[in-house]
1. Lysine pairs, Cα distance under 24 Å, 8 or more residues apart or cross-chain: how many in segment 42-153?
2. Equivalent ellipsoid semi-axes for segment 63-153, as square roots of 5 times the alpha carbon gyration tensor eigenvalues: give them largest first, rounded to whole Å.
3. Leaving out ligands, DNA and RNA, what percent of the accessible area of segment 50-153 is carbon and sulfur, probe 1.4 Å?
4. On a full-extension model of 0.36 nm per residue, what is the gain between residue 124 and residue 95, subtracting their alpha-carbon distance, rounded to one decimal in nm?
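The values are calculated or read from the model by the stated rules, or taken from the named source; none is laboratory data. Quick caveat: nothing in here was measured; it's all calculated off a predicted structure. Note: accessible area is taken over every heavy atom of the protein model, side chains too, but ligands, DNA and RNA are not part of it. Shrake-Rupley method; radii C 1.70, N 1.55, O 1.52, S 1.80 Å.
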Amino acid sequence: MAIRNLFLSCFILFANLLFAQKEQVTLKVRNVASIRNFEIQQPSAFDVVNGKFSAAIASANGYVFEINALSVKALKCKQKLNQNQFKIVLIDNQLNKTYQSDTRSKGTLQINCLGAGAYELIFVGDIYCEKQKVAVSAHLNGFVAHSKNLKTN
């Protein structure tokens, strides 16, 4: 009986760990116009160019979510960044709209280090397209493709 309970507890813990690390982007609006769900199509891509870190993830239904303009020096484990240290962009290809962070935006980016050099990025905040405000909660996981892996002609 004790072994069975131990096995069940380990299984639940393992399942929670897998679910906790799943990538997702959640979009919410308060206006009359609703917004489509972000349906993840492929894993996020992390990159560093000219000392700036960026992360992007695409959806199957026409969205691209990006975290841009983050200094590589700020990419540290257990770091919590304020909105003025990075930019957020959400491109809606179906409606031809671009939402982005600006001076009205309030948001935070939590950076966590996972095993084997992987990063976990957790963004919570808001972005705007003209006067429309979208509350975003995003959870991205990935490895940084450093410039040493890039080839030049």
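1. Within segment 42-153, the lysine pair count is 28.
2. Largest first, segment 63-153 gives 25, 17, 12 Å.
3. 50
4. Working it through step by step, the gained length comes to 8.1 nm.
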